[in-house]
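J.: Following this message is one structure expressed as structure tokens.
The values are calculated or read from the model by the stated rules, or taken from the named source; none is laboratory data. Computed from a predicted structure; not experimentally measured. Cβ atoms come from the backbone with ideal geometry, glycine included; neighbour counts cover every protein chain shown.
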Amino acid sequence: MNQAELIETVATNAGVKKADAAKVVQAVFEGISGALGRGEDVRLAGFGIFEVAERAAREGRNPRTGEVVAIAASKAPKFKPAKQLRDLVNG
């Protein structure tokens, strides 16, 4: 499912116009992105948790030359599905 299909589904299920559904979907994405940007978790009961994971600095290798390369510490978004969502996916 892509964003356009998600908007169509939201519009159909909520009984609203696609333009209104698009605004709602965009607002949800902006809310989640904004919270993660501030380092906050987003917890959606029955769906899951969006959080920021810290990755430590480490050494890697250039696959072409075998040279050791320093990889800087970073942060990355992470999603942990709720039990209800895992159960739904696993049948």
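J.: Can you tell me how many residues in region 56-91 are aliphatic (A, V, I, L, M), assigned to a loop (DSSP other than H, G, I, E, B) and either surrounded by fewer than 10 Cβ atoms within 10 Å (Cβ to Cβ) or at pLDDT below 95 (or both)?
T.: Start the filter on region 56-91 by keeping residues that are aliphatic (A, V, I, L, M), which leaves 56-57, 68-73, 76, 82, 85, 88-89.
Imposing the further condition that a residue be assigned to a loop (DSSP other than H, G, I, E, B) reduces the set to 56-57, 72-73, 82.
Now narrow it down to the ones that are either surrounded by fewer than 10 Cβ atoms within 10 Å (Cβ to Cβ) or at pLDDT below 95 (or both): 56-57, 72-73.
Residues that pass the stated criteria total 4.
J.: Considering G31, G66, which residue is of a type outside the set (D, E) and closer than 27 Å to Q84 by Cα?
T.: Details: G66 fails: closer than 27 Å to Q84 by Cα.
Just one listed residue meets the conditions, G31.
Table: residues versus (1) of a type in the set (S, T, N, Q); (2) in contact (Cβ under 8 Å) with a residue 24 or more places away in the chain; (3) in a helix (DSSP H, G or I); (4) exposed (fewer than 11 other Cβ atoms within 10 Å of the Cβ).
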residue: T9; (1), (2), (3), (4): yes, no, yes, no
residue: V16; (1), (2), (3), (4): no, no, no, no
residue: D20; (1), (2), (3), (4): no, no, yes, no
residue: G31; (1), (2), (3), (4): no, no, yes, no
residue: G34; (1), (2), (3), (4): no, no, yes, no
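J.: Still on this model: I need every pair where a residue in region 72-91 that is in contact (Cβ under 8 Å) with a residue 12 or more places away in the chain has its Cβ under 6 Å from the Cβ of a residue that is part of a loop (DSSP other than H, G, I, E, B), sequence separation at least 6 or different chains.
T.: So the pair list comes out as A72/A57; A73/A56; A73/A57; A82/G46; A82/F47; Q84/G46; L85/F47.
J.: Can you pull out every residue in region 36-46 that is loosely packed, with under 14 Cβ neighbours inside 10 Å and of a type in the set (A, V, I, L, M, F, W, C)? So that I can check it myself, show each step before the final result.
T.: Initial filter on region 36-46 (loosely packed, with under 14 Cβ neighbours inside 10 Å): 37-41, 43-46.
L44, A45, listed by residue number.
J.: Given V28, V16, which one is β-branched (V, I, T) and closer than 25 Å to L88 by Cα? First the steps, then the outcome.
T.: Numbers: V16 fails: closer than 25 Å to L88 by Cα.
Exactly one of V28, V16 is β-branched (V, I, T) and closer than 25 Å to L88 by Cα, namely V28.
J.: Within region 39-55, can you find the residues that are assigned to a loop (DSSP other than H, G, I, E, B) and in contact with a strand residue (DSSP E or B) (Cβ under 9 Å, 6 or more places away or on another chain)? Steps first, answer last, please.
T.: Within region 39-55, the subset assigned to a loop (DSSP other than H, G, I, E, B) is 39-41, 45-47.
Of everything in region 39-55, those that are assigned to a loop (DSSP other than H, G, I, E, B) and in contact with a strand residue (DSSP E or B) (Cβ under 9 Å, 6 or more places away or on another chain) turn out to be G39, E40, D41, F47.
J.: I would also like to ask the following. Which of the residues spanning region 1-51 are at negative phi, in contact with a Leu (Cβ under 8 Å, 6 or more places away or on another chain) and not aliphatic (A, V, I, L, M)?
T.: Within region 1-51, F47, F50, E51 meet the criteria.
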